[in-house]
Amino acid sequence: MSSTLLRVCPSDLKMAFELKKQNSACLELVNKTDQCVAFKVKTTNPRKYAVRPASGVVPPRGSFGISIVMQAPKEIPPDYHCKDKFLVQSIVVEEGTAPKDIVPDMFSKAPGKLVEEFKLRVIYVPANPPSPVPEEAEEEDSLDSDVDHEVEPPSTSNSTSGHGHASRSQTSHNEDVSLVSKSGDQESRYAEENKKIQKELELLRKTKPSPGGFSATFVLLIFSLSFLLGYLMLGSRA
């Protein structure tokens, strides 16, 4: 049932619970009308709670604060469940009504008399709740654990050294290929020249020597020396 006279905040009374220690909570009553409203606060366990003040007058469109003190509990109830309740009664009163003028009979129900009631439950909450771990700290811890498993990249010096070694190996390989190519070219040239000399020698053997000329043996000796000299000269250049 909604109230037309007073708005009670909060709708449930949350009380911090701690063994052998008093704790308190506050209620705020807000007058929703343009008239003075008197109130009275009752509880199902008056020995356990002290209400200050227990009654009073809320001015038109005004508010009023109430302090509720819970005595130090001696034991923890099962599941922190509390059966205690509060009741806020309110009625419209004439302007100028003082708190001392408020009596219990004013809140008795009668035909044609508007007496509003608002009930509140008592909910226990931990006095010192554990602080939640920030999400950023969790992410940083996760990142730190991931970093421990990362493989470190090779250093710049090692990379540069490896690159230099690869370059030198490639250059040496190219030089070897070039030498092999040159050696093959020289051998092919020697083979061609040898074939030419062999052909010329065959022609000289078939040709008779002219009177006063050189013998075939002499000519063969000269060609052999020339071939040997040319081979040695080409070898030294390579």
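The values are calculated or read from the model by the stated rules, or taken from the named source; none is laboratory data. Since we're looking at a predicted model, the values are computed, not measured. Ideal geometry is used to build each Cβ from the backbone, glycine not excepted, and the neighbour counts take in all protein chains shown. All accessible areas refer to the heavy atoms of the entire protein, side chains included, with ligands and DNA or RNA removed. Shrake-Rupley method; radii C 1.70, N 1.55, O 1.52, S 1.80 Å.
Does A25 fit the bill of being closer than 15 Å to I91 by Cβ, in a strand (DSSP E or B), in contact (Cβ under 8 Å) with a residue 40 or more places away in the chain and open to solvent by less than 20 Å² (accessible area, probe 1.4 Å)? No. Taking the listed residues V8, V51, V41, the one that is closer than 20 Å to M106 by Cβ, surrounded by 15 or more Cβ atoms within 10 Å (Cβ to Cβ) and in contact (Cβ under 8 Å) with a residue 60 or more places away in the chain is V8, with no other qualifying. Within the range 46-97, the set of residues being under 49 Å from the mean Cα position of the chain (by Cα) and of a type in the set (D, E) comprises E75, D79, D84. Filtering V122, V69, V133, V88 for residues that are touching a Ser or Thr at 6+ places or on another chain (Cβ under 8 Å), among the β-branched types (V, I, T) and either farther than 30 Å from Q22 by Cβ or at pLDDT 95 or above (or both) leaves a single hit, V69. Of all residues in the range 13-22, those satisfying the criterion of being in a loop (DSSP other than H, G, I, E, B) and either small (G, A, S) or more than 38 Å from the chain's Cα centre (by Cα) (or both) are L19, K20, K21, Q22.
Determine whether E75 is open to solvent by 40 Å² or more (accessible area, probe 1.4 Å) and not in a strand (DSSP E or B).
yes
Quick one: which of K83, K100 is assigned to a loop (DSSP other than H, G, I, E, B), open to solvent by 30 Å² or more (accessible area, probe 1.4 Å) and basic (K, R)? K83 is the lone residue from the list that is assigned to a loop (DSSP other than H, G, I, E, B), open to solvent by 30 Å² or more (accessible area, probe 1.4 Å) and basic (K, R).
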